[in-house]
Amino acid sequence: MPNRADDQHLRRLVTEYFGGGSRLRILRTTAAFGAPVFVVDFDRGPRHYRTLGSFGPSFGTANLTAPQVTEQSSMDLMYPAHLVFHYERLMSLAFALCERPVTALLLGVGGAAMWRFMRAYIPECAPTLVDADAGVMGIAKRWFYLGQPVVIDSAQRYLAGNTQHFDVVHVDLYNALGPADCDEAFWARCMDALAPGGCLAVNWADFATNRGVRPMAQGLEAAARGRDRETFYVTRHGFRDNLIQYLPTSGDNHPEAITGALERFARERRLPNRGRGILEHCVISTGFPIEF
Ligand SMILES: C[S@@+](CC[C@H](N)C(=O)[O-])C[C@H]1O[C@@H](n2cnc3c(N)ncnc32)[C@H](O)[C@@H]1O
């Protein structure tokens, strides 16, 4: 547990970040995460939200060690199956880019936003859930409606022993230190886990300020090229949001196909607001979108 002074400091950071009317539900340390995590409820106009947060390094600022609130997952309390974060809506397009999503592997479950989305909008798709932190998964069950068993293991170890194939593989692996280490062997195993016609999607947060991201993303580019495949990227203009890297395996999936895939997906699945806004104001590129 954080000591009393730290605890008060962290509570203050949460209030400053989410506003005076926010209600902190829990604040606790979990084993694998490496920093205290919290659950907070807050309102934005008529909407009510619940967010799973943590305290991470402030990439892009002078003081890397000062804790900064980082949002790991969020839920609209009135519409729990809606994806609150734009990056999660982008990641959901892996289901649109794959021929027939019947199985999915979610590496990094957090507050289970993608699991709730899948259950509501792609109910025929069976998810396998993997997360390294049992404490965070306990929180997801208690506060975020997660109602399915989770494999508690690191994604790296899980993939090393995996022999199954999945139509969709999501990589969303963050703890207090930032993104998990994804090396060549990891990408090879992710690709081995993809069924023919499947799609891999990777979430890169802080990609414009954290210099560690680009080499990992380019590691996946190279691994894909080694199998005659190409990845592509989507992020919002301005580069302040997350970057999503896709690796579709069906032959005709050039980057621009994502626009038509979204239209089809939104229509067939009756996405909220007809999927409007998911690709609006976004850059689609075949190379990592910024140079350092
Ligand atoms: C940003 S959250 C995922 C949010 C999630 N996609 C959702 O739908 O709400 C990141 C999660 O990755 C998990 N994690 C971090 N490193 C990991 C690793 N190496 N293996 C497995 N899980 C990991 C953390 O415990 C955390 O729950």
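The values are calculated or read from the model by the stated rules, or taken from the named source; none is laboratory data. Since we're looking at a predicted model, the values are computed, not measured. In this analysis, Cβ positions are derived from the backbone assuming ideal geometry, glycine residues included, and neighbour counts consider all displayed protein chains. Quick note on the areas: whole protein, heavy atoms, side chains included, nothing else; ligands and nucleic acids left out. Shrake-Rupley method; radii C 1.70, N 1.55, O 1.52, S 1.80 Å.
Out of G53, G60, which single residue is in a strand (DSSP E or B) and either at pLDDT below 95 or within 16 Å of the chain's Cα centre (by Cα) (or both)? Show your work before the answer.
Numbers: G60 fails: in a strand (DSSP E or B).
Only one candidate passes the filter, namely G53.
Could you identify the single residue in L243, L200, L247 that is farther than 21 Å from H165 by Cα and touching a residue at least 12 places away in the same chain (Cβ under 8 Å)?
Working: L200 fails: farther than 21 Å from H165 by Cα; L247 fails: farther than 21 Å from H165 by Cα.
Only one candidate qualifies: L243.
In the stretch 1-35, which residues are within 16 Å of the ligand (Cβ to nearest atom), open to solvent by 60 Å² or more (accessible area, probe 1.4 Å) and assigned to a strand (DSSP E or B)?
R28, T29 - these are the residues of the stretch 1-35 that are within 16 Å of the ligand (Cβ to nearest atom), open to solvent by 60 Å² or more (accessible area, probe 1.4 Å) and assigned to a strand (DSSP E or B).
Please work out if A185 is open to solvent by 40 Å² or more (accessible area, probe 1.4 Å) and closer than 17 Å to T30 by Cα. Let's see the steps before the verdict.
Working: open to solvent by 40 Å² or more (accessible area, probe 1.4 Å): yes; closer than 17 Å to T30 by Cα: no.
So A185 does not fit the description; no.
Please work out if D181 is within 8 Å of the ligand (Cβ to nearest atom), at pLDDT 95 or above and of a type in the set (D, E).
Numbers: within 8 Å of the ligand (Cβ to nearest atom): yes; at pLDDT 95 or above: no; of a type in the set (D, E): yes.
No.
Hey, among the residues in the stretch 36-57 that are within 11 Å of the ligand (Cβ to nearest atom) and in contact with a Pro (Cβ under 9 Å, 6 or more places away or on another chain), which one's farthest from D131 (Cα to Cα)? I'd like the intermediate steps shown before the answer.
Pass one, the stretch 36-57, residues within 11 Å of the ligand (Cβ to nearest atom): 37, 51-54, 56.
Now drop any that are not in contact with a Pro (Cβ under 9 Å, 6 or more places away or on another chain), which leaves 54, 56.
Values: S54: 16, G56: 18 Å.
Top of the filtered list is G56.
Here's a check for you: in the stretch 87-115, which residue that is more than 22 Å from Q156 (Cα to Cα) and among the aliphatic types (A, V, I, L, M) is most open to solvent (accessible area, probe 1.4 Å)?
Filtering first and then ranking leaves V102.
Specify which of the listed residues (N210, N203) is at pLDDT below 95, farther than 18 Å from R157 by Cβ and not basic (K, R).
Details: N203 fails: at pLDDT below 95.
None of the others qualify; the one that does is N210.
Restricting to the stretch 243-254, count the residues that are over 18 Å from V168 (Cβ atoms) and surrounded by 15 or more Cβ atoms within 10 Å (Cβ to Cβ). Walk me through how you get there before you give the answer.
Residues of the stretch 243-254 that are over 18 Å from V168 (Cβ atoms), as a first pass: 243, 254.
So of that shortlist, the ones also surrounded by 15 or more Cβ atoms within 10 Å (Cβ to Cβ) come out as 243.
The number of residues fulfilling the criteria is 1.
Among the charged types (D, E, K, R), under 23 Å from A188 (Cα atoms) and touching a strand residue (DSSP E or B) at 6+ places or on another chain (Cβ under 8 Å): does that describe D76? Please lay out each step first, then the result.
Numbers: among the charged types (D, E, K, R): yes; under 23 Å from A188 (Cα atoms): no; touching a strand residue (DSSP E or B) at 6+ places or on another chain (Cβ under 8 Å): yes.
When the stated conditions are applied, D76 does not pass them.
Within the stretch 157-169, work out how many residues are near the ligand (Cβ under 9 Å from one of its atoms) and more than 17 Å from M137 (Cα to Cα).
Kept after step one, since they are near the ligand (Cβ under 9 Å from one of its atoms), are these residues of the stretch 157-169: 157-158.
If we keep only those that are more than 17 Å from M137 (Cα to Cα) as well, we get 157.
Result for the stretch 157-169: 1.
Regarding the stretch 116-127, can at least one residue be identified that is within 15 Å of the ligand (Cβ to nearest atom), open to solvent by less than 40 Å² (accessible area, probe 1.4 Å), closer than 28 Å to P255 by Cβ and among the aliphatic types (A, V, I, L, M)?
Within the stretch 116-127, one or more residues are within 15 Å of the ligand (Cβ to nearest atom), open to solvent by less than 40 Å² (accessible area, probe 1.4 Å), closer than 28 Å to P255 by Cβ and among the aliphatic types (A, V, I, L, M).
Just to be sure I understand, how many residues within the stretch 128-153 are among the polar types (S, T, N, Q) and surrounded by fewer than 17 Cβ atoms within 10 Å (Cβ to Cβ)? Explain how you work it out, then say what you get.
Applying the first criterion (among the polar types (S, T, N, Q)) to the stretch 128-153 yields 128, 148.
Narrowing the set further to residues that are surrounded by fewer than 17 Cβ atoms within 10 Å (Cβ to Cβ) leaves 148.
Final tally of qualifying residues: 1.
Which members of the stretch 66-104 meet the condition of being among the basic types (K, R) and within 13 Å of the ligand (Cβ to nearest atom)?
In the first step, residues of the stretch 66-104 are kept if they are among the basic types (K, R); the result is 89, 100.
Selection gives R89 alone.
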